[in-house]
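S.K.: Have a look at this one.
The values are calculated or read from the model by the stated rules, or taken from the named source; none is laboratory data. Source: prediction; values computed, not measured. With ideal geometry, Cβ positions are generated from the backbone for all residues, glycine too; neighbour counts draw on all protein chains shown.
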Amino acid sequence: MRKNIVAGNWKMNKKFDEADELVDSIMTKLEETKLGDNTLMIICPPFPYLEMCSDYSNDSYFEVGAQNVNDNEKGAYTGEVSAEMLESMDIPYCIVGHSERRAYYGETDATVARKVDQLLQHDIKPIVCCGEVLEEREAGKQFDVVKRQITDGLFHLSAEQFANVIIAYEPVWAIGTGKTATPQQAQEIHAYIRGLIAEKYGKAVADETSILYGGSCKPSNAKELFANPDVDGGLIGGASLQADDFINIALAF
């Protein structure tokens, strides 16, 4: 059975003491709360807080992921972080291809493919983001956009490699806007993504792939979104910065 996953993307938020307080609060609440046996929580803090969060995770019920990685093995790339560095810190997950990386830093599907390769070479599971902007949704191009991103970013992998990939569908028009795709819209495109995977790798691989929804998911709408058969959790932004909200989203399962 594929995992239900709730991953918190803190983005560029929280001073160190605030981050420490947040992760401590999450850990405490998880000790007091019974999540489903098939529910996995992942915290993705800014790079400077990875070690601190990782130390907490050793005694708790969540895993830790990075928010980004460089697409080169090593070298003169000032300010960047390699998959080898993340592996040396025992960081098991990493977000790749977030819409903000694509929009603000010019990352392409080819960049995403190289980053995925780097992570898999170092036994780190990529959380690969895809999704359309508002203009593409209004033009009815959301399926074409998602197909291109997944095909160009992931379908060079073998079935064995792909089995380590988590996909996050993020309607870009719903990120940080307060807008949310309806449960029907989310299910429609999640089912489409699973169909693409089945066409490429077979139904067994598709059925084992966790596909997360990422777009203004919060405690008030999580249960309805997660009730869809092809929505396996969420990549959570703002709501992951509040311990109660983050835990309550996970409890939606």
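S.K.: Six or more apart or on different chains, Cβ under 8 Å: which pairs go from a residue in the stretch 184-206 that's in contact (Cβ under 8 Å) with a residue 60 or more places away in the chain and closer than 17 Å to residue 152 by Cα to one that's of a type in the set (Phe, Trp, Tyr) and buried (at least 19 other Cβ atoms within 10 Å of the Cβ)? Could you list them?
M.R.: 193/169
S.K.: Separate question: Enumerate the pairs (first residue in the stretch 86-99 and over 13 Å from residue 7 (Cα atoms) and assigned to a helix (DSSP H, G or I); second residue anywhere and at pLDDT 95 or above and small (Gly, Ala, Ser)) with beta-carbon separation below 7 Å, excluding pairs fewer than 6 apart on the same chain, so at least 6 apart or on different chains.
M.R.: 86/66; 99/131
S.K.: Still on this structure, please answer the following. Criterion first (touching a residue at least 12 places away in the same chain (Cβ under 8 Å) and part of a helix (DSSP H, G or I)) does residue 40 satisfy it?
M.R.: No: the conditions fail for residue 40.
S.K.: Still on this structure, I have one more. Can you tell me which residue in the stretch 164-209 is surrounded by the most Cβ atoms within 10 Å (Cβ to Cβ), limited to those that are among the basic types (Lys, Arg) and modelled with pLDDT of 95 or more?
M.R.: The selected residue is 194.
S.K.: Regarding the stretch 109-120, can at least one residue be identified that is in a loop (DSSP other than H, G, I, E, B), in contact with a helix residue (DSSP H, G or I) (Cβ under 6 Å, 6 or more places away or on another chain), at pLDDT 95 or above and farther than 30 Å from residue 220 by Cα?
M.R.: No - not one qualifying residue is present in the stretch 109-120.
S.K.: Among the residues of the stretch 3-37, count how many are aromatic (Phe, Trp, Tyr) and surrounded by fewer than 18 Cβ atoms within 10 Å (Cβ to Cβ).
M.R.: 1
S.K.: Among the residues that make up the stretch 65-88, is at least one of them at pLDDT below 95, under 20 Å from the mean Cα position of the chain (by Cα), within 26 Å of residue 40 (Cβ to Cβ) and surrounded by fewer than 18 Cβ atoms within 10 Å (Cβ to Cβ)?
M.R.: No, the conditions are met nowhere in the stretch 65-88.
S.K.: Something else now. Limited to the stretch 183-217, what total is found for residues that are polar (S, T, N, Q) and either closer than 21 Å to residue 126 by Cβ or in contact with a Leu (Cβ under 8 Å, 6 or more places away or on another chain) (or both)?
M.R.: Residues in the stretch 183-217 being polar (S, T, N, Q) and either closer than 21 Å to residue 126 by Cβ or in contact with a Leu (Cβ under 8 Å, 6 or more places away or on another chain) (or both): 2 in total.
S.K.: With respect to residue 29, is the statement that it is without any contact (Cβ under 8 Å) to a residue 40 or more places away in the chain, touching a helix residue (DSSP H, G or I) at 6+ places or on another chain (Cβ under 7 Å) and either among the hydrophobic types (A, V, I, L, M, F, W, C) or not in a strand (DSSP E or B) (or both) true?
M.R.: no
S.K.: Mind checking which residues of the stretch 46-83 are under 15 Å from residue 119 (Cβ atoms) and either part of a loop (DSSP other than H, G, I, E, B) or touching a Pro at 6+ places or on another chain (Cβ under 6 Å) (or both)?
M.R.: 63, 67, 68, 69, 70, 71, 72, 73, 74, 80, 81, 82
S.K.: Given 178, 214, which one is of a type outside the set (A, V, I, L, M, F, W, C) and under 17 Å from the mean Cα position of the chain (by Cα)?
M.R.: Unique residue meeting the criteria: 214.
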